[in-house]
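A short write-up of the structure that comes next.
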Amino acid sequence: MPKISSFMRHADDEYRITVVRALQQLCLTYPDQHELFVSFLYDFLRDDGGFEFKNTIVSTVATLMKAVPESTTSSLFYLADFIEDCEYMNLS
């Protein structure tokens, strides 16, 4: 994950969105790793990025909560924290 994180910090949003979608598929394939994936995605909610990128992350986390019920508690915690400081009112 550190190499992906390094790439994500320097990539354009269109590539970052592709990585987020791939991470969603990975989490659906390996649901027991949900905490790692959700935490990783949350880190990027706090970083710079456009509306579409952040919306993709929020949608991904919502999808994971439906597909992997065990991820609901941590996902809601991260989303609540993001909403509290969100600069995009449409995502709140």
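Selection of region 60-84 for residues being under 15 Å from residue 26 (Cβ atoms) and in a helix (DSSP H, G or I) yields 60, 61, 63, 64, 67, 71. Taken over region 10-21, the criterion of being among the charged types (D, E, K, R) and more than 14 Å from the chain's Cα centre (by Cα) is satisfied by 12, 14. Residue 57 satisfies every condition listed in (1) surrounded by 12 or more Cβ atoms within 10 Å (Cβ to Cβ); (2) assigned to a helix (DSSP H, G or I); (3) modelled with pLDDT under 90 except (3).
From the list 91, 36, the lone residue that is of a type outside the set (D, E, K, R), open to solvent by less than 70 Å² (accessible area, probe 1.4 Å) and either within 11 Å of the chain's Cα centre (by Cα) or modelled with pLDDT under 90 (or both) is 91. Hey, does region 68-81 have a residue that's at pLDDT 90 or above, surrounded by 13 or more Cβ atoms within 10 Å (Cβ to Cβ) and within 19 Å of residue 14 (Cα to Cα)? Within region 68-81, none of the residues are at pLDDT 90 or above, surrounded by 13 or more Cβ atoms within 10 Å (Cβ to Cβ) and within 19 Å of residue 14 (Cα to Cα). The C-beta contact set for region 1-16 (first residue at pLDDT below 80 and open to solvent by 90 Å² or more (accessible area, probe 1.4 Å), second residue in a helix (DSSP H, G or I) and of a type in the set (Lys, Arg), distance under 9 angstrom, 6+ apart or interchain) comprises 7/16.
Considering only residues in region 41-67 that are among the aromatic types (Phe, Trp, Tyr) and within 19 Å of residue 12 (Cβ to Cβ), the one that is nearest to the chain's Cα centre (by Cα) turns out to be 44.
Which residue pairs have Cβ atoms under 9 Å apart, sit 6 or more places apart or on different chains, and have a first residue in region 55-79 that is closer than 16 Å to residue 33 by Cα and a second that is not acidic (Asp, Glu) and not in a helix (DSSP H, G or I)? Every condition considered, the pairs that remain are 75/68.
The values are calculated or read from the model by the stated rules, or taken from the named source; none is laboratory data. For clarity, every value in this text was computed on a predicted model and none was experimentally measured. All Cβ positions, glycine included, derive from the backbone under ideal geometry; neighbour counts span all protein chains shown. All accessible areas refer to the heavy atoms of the entire protein, side chains included, with ligands and DNA or RNA removed. Shrake-Rupley method; radii C 1.70, N 1.55, O 1.52, S 1.80 Å.
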